[in-house]
Structures are given as C-alpha cells and as structure tokens.
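Rule-based calculations on the coordinates, nothing more; no lab input. The structure presented is a predicted model; accordingly, all values stated were derived computationally and were not measured. In this analysis, Cβ positions are derived from the backbone assuming ideal geometry, glycine residues included, and neighbour counts consider all displayed protein chains.
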C-alpha cells in the first residue's frame, strides 16, 4: 500500500499528494506536501562538535484536501469491509490525472459504482481538483459525501531506519478555521519554523434540489457534507477544488485571500477546463521529451513513468528545492541533496530547461546561507549544504555530510551544463557566475599544493558513502577541476560582474593553477585509478561471506568496518568516468570499470544508471540493458524496499540518463555535444528528443544505424562515434553504427548482479 | 573555586570527595562519588548508525556526607558574609588528610575559630571521617552544628563543552531514610541503572551534658543537629563518621547493615586511630614511591601532589575502573579511557603493583562485554570500549571512539608490563593470557596482508585525536605488533590454559606472521615516519593565523578541517617512540621528534609528559624540563582551564613518567629494564624508587653520575646508557653519565611552547 501511494502520487513540484484513497483509509502514509514548507526539529548529539548543525528541517504533512468520505445508506465506504468487485487505479501520463474506478457492495448489501479523477494542476500551480462520481447499481441508495480538509493527521511512526524521515507530531498550529456555504478554509502556522499556510476547498455538484449541504468546522478540520438519494444508474458527481498557499512573510488575511482567489480561478476554469489545460501542458512536454523504445513494452512503460514523475517533481518547483523524493513522500525528511543537480537537472536541462533554470536559481538564492556556512567552517566563498530544504545544512553526520564537498562542484557542473545547453548568458551573468566564483574560492581553500606542486584535496567524502574522509577522491578532484575552469571562463566572459564580486586577476590565476595541477591518483601496480588515495590498498570486502539479508551493508555493519575495506555503495570513480569522461582514456575506462564493477553493491539507488552508462560506453551492452532495467524498475518493483516513503527521483531521472547517455552515448563535456549510440541486444529501436540551444534534436537508434533529425532551428554540428556530422532542420541524417568491440567479461560481487525485479504488477 | 575543589579532593579509589567546604556553600561543583556507581542516560543520534551505543554511563553525585553547617548565634557560617580573618586549607600528603583552619566574624560580630580535618580512609575502604572543631574567640557564643546526608543535590549545568560531563538531575530514587540517636541512614537506588547505594553517618563529640542532639529525616535528607553554648577559648569537637556502600545485587537490608558495620568499625578505631592507619599506609607508599628533586621546590611539591593523587585514584579501586579524572570530579562522565592503562598503570606497576593488578583484573572482568562488542562489530576476539564505567562502550562519536582500536593494544601492553615487572605468573595465566589472546584475535581480523605481504591495519584512529580513520597509524601498528608477540609468548608459556580458550597452532602462526610482517610506513622524502599513511602529504595547519583564543582547536574548528591537515593534538608517533622505542633508530627518533614537535599543539593533557620523555632521550634537556614543568603544573595552575571538573589523572601520572622515563631514561621494552639518566640543567639531584620483581630499586641522579641502589632482594642486572651493570642489595653503584650530544634545535608551533604556568598559588 505504501508503495502504491508513492507510485500514484500527483505533483506539480509545488503541491504533492500521495496516492492515498479518496476516503482516507486504509492508508499507509497519508501525505500532502507543499514544496519547502518545513518544520524545524532539534538535531541531538550525544557528543557535540564544532560546526554541527543544531536544527534540521523536515517536510511536513500539510492540511489534507484529498478526503471525500462516503456513507452508503448506513455504511461508511471502506474497502476493508463489504465486497470489492473491482478496483482499478490508473495514473495517466498523457492526461496527468489519477483515475479510480471501482464497484463495491456494502456489508448491508448496497452496491455502488465509484469513479474519481484527481489532478494537481501543472498550469494553475496552487490548485488540486477531484471529481468524484457515485452511481447505485441495483437499488436506490442514500448517499452522504463528506469532503474534508484535515490538518495534523496522525502519522505512523517512522521505525529505526535512519533513511526514513523523522515524523513529527502535529506540527501545525491553528490560526483560523472558516466556512461559507460549500467551502471551508483552514489557516495554520508551523510551530517552530513559523511558516504560515492556508488551504481552502470549495465544491460543485449536479442537481441542487435534492442535495442537502451542510458545512462544519472543528479544530484542525473543515467538513462539507452533501446528502442525497440516488436511483439505480443515477450518478451523483461532486467536484472538489482545493487551493493551497504558504508564505513565511504574508499575513493571515493575505494568505486566506490568495487561496480563495486560486479556488475562484479554478472554478472559473472548471474541472473539464483544468483537465484540458493539463493535457495541453503534457502534450507539449511529451512532444519534446518522450522516449520511445521498441522491443520491451514493460520498459517503455517504466520510461514514461519515470519521465512523468521527473516532470512532476520539477515542473513548478520555481525557485524552491527539488527534494530527493520529489513531493511523493517524506523520506529523507524531504531534503534535497547533490543528486538533484547531478541526476535530475541534466534531464530537465534537455527536456524542460526552464525547470532546470528555476532549480539553479533556487541554489543561487541560498548563496548567502552557503557563504555563512563556509565562514563557519573557516572557508572563503560558499559551501552548499549536503542536505536541506531551505538552504541551511541539516546533515547531522559530518563524515557523510559536511565532508561531501563535491556537492559544490555538482552544483557548478549543473550551472555549466545548463548554460552550455541553452546559451542562457543572462542566467550565466546574473546567477551562474556567482555560484562558480564562490565555489572556486572554496576549492582553492580546501585543497593545497603539495611538495611536488600537485593540487590535492584531502579529507573529503566522494559520492560513494562506503568510504569517508579520504584524500584525493578522483571524482571530487576532477569535478573541482571543472568547477575551477568554469569559474575562470565565466569571469573572463563577464569581467564587470566578476569585479563586483571582488574577483582579482591573482585570484583567477590561483584557480587556473589549481585546476591545471589537480592531482589525480593512479595505481600503477593495478593499472587503475583508486577511488581515492590508498583505496586500492585496502582489504577487499568479504562478499563471499556476506549473506543477502545483510544488504544494505550500512544497516548491518559499522561504518568503520565498511570504510576500511574495498566495497562501494554507489558509482563514484565510475561516475567520474561519466561526467568527466574527457579525463580518462578508453583503456582506463575499461580497466577501471571492471575493477569497480566487482566492488559495487548498489546499496544506493544512485548507482545502476551510471553503471548502465559506462557499461554501454565500454561495450557491455547486455549488462547496460540489465542495469537500465534495474533503474527503470527500482520503484515499480520496490527493489530497495523503501519506495513507500517516496519515489527515488534521481534514479527515475537515471532512466533517461541511462538511455540517452548510455545507449545514445550522449556526452556534453564543456559544451561539446556528442553521441555514440548503440542499442541493447533485445531492442529494435530507441528514439529520444532533446533541446540543444533552442533546437529540438531527435535521435533514433536501431541496431545498425542512427538517425539524427532537427525539428527546427539552425544547423547543428555534433559527433557520431567521433565522426563530425551536421544536422539541418528537416533533413534527417542516418549514419551507420560501428561494430561493437566485445570487451572482456566483468563481474559483480557475489549476489549483486543487476536486479531483474518481479513481473511488474503495474504493467497493463 | 572549582579548581580548588578538584585539587583538594580526597579519595581512596573507592570513595571520592571533592574539596567542597564543610558548610556546603559556596560551591562550584558539589561532588561525592562511589567508584562505578553510575546512571544510564540515552545517547541521542540525529542520524543513527549500526553499532552506535544506545546508552551511556555517567558517574553520579551520590549522597553527600560532607556537610557540617554551623549557626553562630543567629548567623549561618558562610564565608561570603561577615569577615574572614584567615582561611587556610592544606592537603597533607604524609597524613592523607585535608585540613582547614580559619577564623571568622559573623555579620553580627561573633568571632569563632574553626578547624576541620577530613579523611577518606585508605585502610577502611568504606569510611569517611571528619573532625570539626569550633572555638569562640572573644565572647560566649551559641553554636548549632547541623551535620547532614544529602541526596540528589542540585548541580550546576555543564555548559556546552563536550568534555564536561552530562549532568543528570536527581538520579537517585529514595528507598529508605532512617535515623537513630545521633545517626542517619539513606538508601537510594539509581533510576535507570538500578544500582543501590546506602550512606550512613554517625557522630561523636565531647561534653555530652551541655549538648542538645536532635535527628531529623526528610526526603533525600538526614540531619543530626547539635546545639551548645561555648565560652571564649572553649572548643567543641565533633567527629562525623560516614560509611558508604553500593551494590547492583545486594538487598536493601544487606546494604544498610553493611554501612552500619563500616561506621561501627570506624567508631571502634576512632578518629585518631583512622588518622594513624592513614599515616602508616602512606609512610609505606612514600618509602617506595617518593621522588625527590633538588633544585626546584615548587616542582618537588607538584611531584608529590601528583603521586598522592595517582595513589588516591588507584589505591582501593579494587577491580573497578580508574576514571580519567579519578574520583575528583564528574568530567568525562566519570569514564575510564586508554590513558589509565598507558599512563596510570606504569606508575602503579612500579610503585603500587597490587593496584595495577586490580585495575587489570577489572579489565579482565569486562571481557565478556568486550567479546559481545567485538561480535557486534563483526570481529572475533574482544574489543574494549573506548570510554566506559562498567565495560560497555559509551562513546557516541565513533571516529574518535570505536575506531581507536589501539586501546586493545594499550591494555595488552599494561598486562605485559605488569607481568614483566612483577613476575606474577599466576596473573599472567589466569587473567593476562585471556586478554592477550582475545585482543590478538581482534588484530588479525582488523588488519590484512596486502599484495606485498605486509600486514596493514586500515581505518583506525591513533592516540592523536586531530586525525581519524587513518591507515597504518604507526603507534597502533607497533603496539598491535607487541600485542601479537605477547600473545604468542603467553600461549607458549601456558599451553593448557591457551587450549581452554581454543587457541590452535595455526592461529598462533597467524599472529606471529602478522606481527612479523607488520607494516610501518616511512616517508623517504622527508626522512620521517608519517603518523599514519599519507599524513605527511597533508597540508600543514596554518598555525601562524590561529589566534591563541582558538585553542583548543576542536572547540573552534570543524573536525573535517582539523583531520585533513598536519596538526597534532597529542603525542602519537612520539608516544610510539617512547613505548616502542625499540622499533626506531636514534637518528629516526631525532628527526621524527623535530618534525612532530613543530606540529603538536597539546590540546590534550596526554602529550607533554611524552614529549618530555622523548626530549630527554634525544638530549633536549631544557625542553624536557619545560615540558615536565607543564605536566606538573597542569592542574595546579589549571593550564587547560578545566581542572574544575576533575584532575587529569593520566597527566598527573605523567609527572612520574616524565621524571623516571624521561630524566631517568627508564625503559622496559619486553621485560628488559634499562636506564639512561640525565638531569635537567637547573636541577642538582633526582632520586626515585621503583619495584622490580619484588625488589626496591633506588636511582639517584646528579649532573655527572647516577647511583643505583637495591634496598633488598636478589642482584639486579640492568643497563646504564647501554652499559650492563649489576646492582646488589646494600651495595650502591655509582656510574658516570656520558656527556650529552647537543641536538639540533627544535621548535613548537607558534604560540605553543611548553607552558610555564602562573606563580603557583598552591605553593607554600
């Protein structure tokens, strides 16, 4: 049930509703979220330390506007009682609605058919709409519908898994409950963080004459009750419109008016109008972003599922953070991490660039906090938080939090990618430059030049969380190098703006020197890059004697044991070979991939997609296909057993990355867009589109050839397997795919091959 | 005030009383402790992890038996009011008592002279005795004395310094309060840990006729009130006897009887008798252990102060832990760490070997808990807790707790030293062997053989807490090597006992091979040993730009910043050169010492004594003298600004180590006792005694020569500056001291030379 609530979640990036049933119960985790509406909670430390954050931010379950309860004669409709003849729920990726269709007989023998359609509008950001239809099947039935707004719902406790969000009891303090005819409004404020929110519901229905409508308000509850009697085959249709608003600054009356206006506008549009807008918005998205795969229908479904949810997470976040779980659950406390920039934003950059721009503007808006944090830690410049909602560091375990400085390079990388892909120089000047400059300042302070003149960055944690506080993590060093070079370039492009930030020539020289002399450790004995200095000298994890039940390792072994051994939670050096593929030779990639493949257990969902990308590049096409399948089914098959607390957004973005960067071989190093497509053995065709500097480029791949097609815009010069090609609008180019080199076989740790998943229960 | 309460603390290792004033107030930190009587407190984690301990143990302030309040006519005696004409307190190292002598005029003009003598008996372990005398000076005065037992005293809050103990409110639950004539008994139980304690007080006084005695009991309070009227010059003398007992198992009546018996025995002995026993006990100790230094009277006082407190901490601990602060304060939660074995036990081994044996038997008694912990962490054998009272791991910050595996080698080293020094083979067989075997099992599991066949130990934290989770910490590797060799040897010596522990030949072979192939990193470029692999590649701490107010660094910089740089909190590689001096050449010692001297900030009190020892060995005699001075004055001058929460016991032991191992050049590697004495420039004579296999050896050092003298026992062959000498009982041998080589100068980080301390206010 928890999993289905996540899978069926609706969101526009601003509002998120878990797929809870209309009637509220049974539920696993009730969830209604407003992006960045959080409560503070103290972070306790048995042994405190300098610079440990004192309070954390947790996403809260806001006033729930979903419930429409129903009394059928004397029986409350509840699927746990009576008899459920059929019950189908469909998440429609084209229409952007969640549909439900069921037939139920009450314990007293009254049979009704129910249909509901739920929508979180992409177009009207503050609006949720639900259409609820009930029809008696074989005899007249008295129907009472209770439509509610509920604040401070009781939540299940979160258990001991540290990855599941801390659950806070009753975070909302009531300021106002108000009702009027068929509507009710609740205004609350969070107790500690002092954020104000309002929710209003209003209703429309057919056949006024026979319907008795009453409105009640209680503590934390608004209820509109509609009572009527229906003949068999007669349908009663209720439309519920809910408006949400929140602010840290606006007054109670202002917020109340705001949600009232939102509901009024939605009423004006009407339910059908909202649906039409929704469809139009999605038609536009799919026209750009749809990925078609022939040869695996189940995977095709999973691909669209992932794109739909990535869009839902980012579409209207609008300068607020995109959390790791989107707005589909309270997992990870609703925090955003580096994976938004590293996995989500590449997808949005090429399919919904405006959303990518907004997400980066959110990061930019937190720069003052990042500067404060850097100052507290003794650095110049800025350092972004490892996990946060609003911008303050909320990580309470510094070896895998503060020490993971790579997040700063990840943000910078996303900035550079966005600017390269869009040519948005205004963004570069107004936002990008400041991010690049402040992070470059951090890097030169964090690292140092050693006796041999190499620039080292010691004591940091890379992406792989099964190592910590290491020296010269290759990923970090290479990404910092890109960050420093990027800063040098943007400063040269916008000298006046740079001068405003106090950038001097000597400082830029320092960045350039650090980038040029960046140390990248290499193990000559093994002929591979160690993930960080000394990594390849460590003992190999005893995979052979690790039972399957002991994964994920972090829940069954102490960090100390994990850190001292060669075992990898998630792609780190392999991710460096994707994002900084320009820094490795093909031979190094082949050897490194084989070495790390045998050590990577994928206890994180941020690994398989990267392994798919590199496997495809090296020529392990079957392995790449298997990894892509794992990525695509991670949530649909609940492969990590925690989809219930929310979808793995970065992993869902990884589906696109695995397809486009993996099988499409798309690379975008330093603004140079190239392809090296090659299909998985079981597929017959892969087709995807992406936006590149205002053009829509479509690539279609078969086993033998690839076709590049420009729907519009200036001719585009790119590379296909290293060979330069120019694509002109309206003139598709088809080129042969060179035969694959069969690489030496690789293997995973015992028991850790790509996961195939169960037969997909969501596939129809 | 807090400092004086620590300095004037009395203890026998079983009971500890801070030097609070008789009348209770003013106080800084009231403190009465019973060794190992602790309360549990939850250890909170904002982000939990596998193997993190869930609850900690904190020493509690037990029922206070010290207070004797006085009413002088209508005025309570309180030094904050009225006029204090003189006030002297003397801690008498010969008599083992705290004396107080004062004259005070009340705000109403009544002048009285007060003397008190407080004693915690070395001979009667459960007994505290206080003699309180009051004499009106110039006119008759009505005197009321209120002698109290107070449980759950209110304590000041501990502030934010993580090093100061967590203070728990009212940890004791009353089970019984009882009074009888002139006595009262309080029985309590700790709320969470369920330990029962009883305290009883009884009284004796002169001149029964004129004294009205009443007894009252309240919640958490027993009070005996004596009222009398005194003429000028007439002295009223009250003797208060307090008995303490506690147990996790014994019943309430049993404990009540136990303390009653203790008080009865003490009454039978009488106050004078208790004082006489105390003096006899100390005469015996000083005859063995006294260290005489000519040329620095202040240092001479500090030396005896330190030895007295080391004896107080260890004398009657009797198979309970000796905490880092002894029983002088609640600092570090009353926990014991590795420093007991590494710093305290060498002193006790050579001056009070029975106390050393008892302390090691305590460790042995925790082996089951250490085995459980090892199992939890996935290791065979046993791993001792980093900090504990009873034996369970209480460290909530694993990088400086669990990862500091060296504690296991430190315990083993103390076992080996004790056995070598005493020849106590029964102890070796019954206790030592099991410790050595179980820790050897840990080491071979923790480390591994690398491709080159070297045995590496990765991911551990050495003594220096400004690095963490490092590979091949030289100290750890060398001490583990000794541990493994020791295990091989004791198994050979006691094959039957070893067989009982399941030790097989192949296992011993593994230990031997690990020891023989132990990897010790060396930096060829710099010609020094890195503290751990890669240490010398790190950036040097920016000492020049670190203001004095930013020490200790851990309170002003994040761990991450500290760990990634070359900066040392406390001797680590230098400690390895002391304890495993046999593993370094003299040239290496000289170069290493210079290198690490420039990086060591001594933010720990466990450093200066080791630096003194190595400075003396290398020939930096002035520097050694300065470090010894710092060690000796650490608490007397409150050099670390936290003596108030208790004395630094290991540092106090370091005074003896600095003198005997430093200026005496005493080394005891693998049971071979040698000397290389050399005096500090300002001194004229140093004389110390030590027990070696039942003999009392005395060494007297002047600028030119050293005299070895055996008070009793078989002839002893040792070495003097490498030259073999044999000392026979009664025949002193005087040998020349070879001229010192003047070493190249060394320097400390800016602003961190040895601390000289203020003119000692305690010196008289």
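General remarks:
- Euclidean distance of C-alpha centroids, region A:224-243 and region A:545-606, integer Å: 55
- Residues A:87, A:494, arranged from fewest to most other Cβ atoms within 10 angstrom of their Cβ, appear as A:87, A:494.
- Beta bridges from DSSP with both residues in region A:289-692: antiparallel share about 70 percent, rounded to the nearest 5.
- Between region A:332-346 and region A:267-323, the alpha-carbon centres lie 19 Å apart.
- Inter-chain Cβ neighbour average for residues A:392-402, partner chain, 10 Å: 3
- Cα-Cα pairs of region A:237-292 separated by more than 15 Å (percent): 63
- Between residue A:525 and residue A:55, the modelled label-to-label distance comes to 5.1 nm, taking each label 7 Å out from Cα in the direction of the beta carbon.
- Start at zero, step by 10 Å, and the Cα-Cα distances of the protein assembly as shown spread as 1, 7, 13, 16, 16, 14, 12, 9, 6, 3, 1, 0, 0 percent across the bins.
- P(r) weight above 32 Å for region A:289-692, C-alpha pairs, percent: 29
- Solvent-free Debye scattering, log10 I(q)/I(0), computed from the Cα coordinates of region A:462-543 at q = 0.11 Å⁻¹: -0.43
- Put simply, when A:566-577, A:718-729 are sorted by average Cβ atoms within 10 angstrom per residue, most first, you get A:566-577, A:718-729.
- For residue B:582, inter-copy label distances in nm, listed shortest first [label point 7 Å out on the Cα-Cβ vector]: 5.9
- The residue of chain B whose Cβ sits closest to the rotation axis that maps B onto A, together with that distance in whole Å, is B:44, 2.
- When DSSP beta bridges are restricted to pairs lying wholly in the protein assembly as shown, around 95% turn out antiparallel.
- Spin-label pair residue B:542-residue B:213: with each label point 7 Å from Cα along the Cα-Cβ axis, the two points sit 7.0 nm from one another.
- Overall size of region A:61-262 from C-alpha positions, given as principal axis extents largest first: 54, 45, 36 Å.
- Classification of region A:34-162 by its C-alpha gyration tensor yields a prolate form. The axis ratio a/c (a ≥ b ≥ c) is 1.5 or more, and a/b outweighs b/c.
- Label-to-label distance for residue A:137 and residue B:142 is 9.6 nm, based on points extended 7 Å past Cα in the beta-carbon direction.
- Position residue A:743, label points 7 Å along Cα→Cβ, spacing to each other copy in nm (shortest first, one decimal): 5.4
- Spherically averaged projected area in nm², based on the convex hull that wraps the Cα atoms of chain A: 33.1
- Estimated FRET transfer efficiency (residue B:261, residue B:693; beta-carbon r; R0 35 Å; 0.05): 0.40
- Paired Rg and Dmax values of region B:537-620, which use every Cα atom, in angstrom: 13.5, 39
- For residues of A:536-548, the mean tally of beta carbons on other chains within 10 Å: 2
- Take each residue of peptide A:47-59, count the partner chain Cβ atoms within 10 Å of its Cβ, and average: the result is 4.
- Calculated P(r) of region A:495-588 - Cα pairs past 19 Å, %: 61
- Sorted fewest first by neighbouring Cβ atoms within 10 angstrom, A:125, B:192 come out as B:192, A:125.
- From the C-alpha gyration tensor of region B:191-273, square roots of 5λ in Å: 31, 16, 9
- Projecting 7 Å from Cα along the Cα-to-Cβ direction, the label point of residue B:499 sits 9.0 nm from its equivalents in the other copies, listed shortest first.
- Cβ-to-Cβ counts within 10 Å put A:555, B:221 in ascending order as A:555, B:221, the fewest first.
- For region B:365-383 versus region A:684-707, the gap between their alpha-carbon centres in whole angstrom: 59
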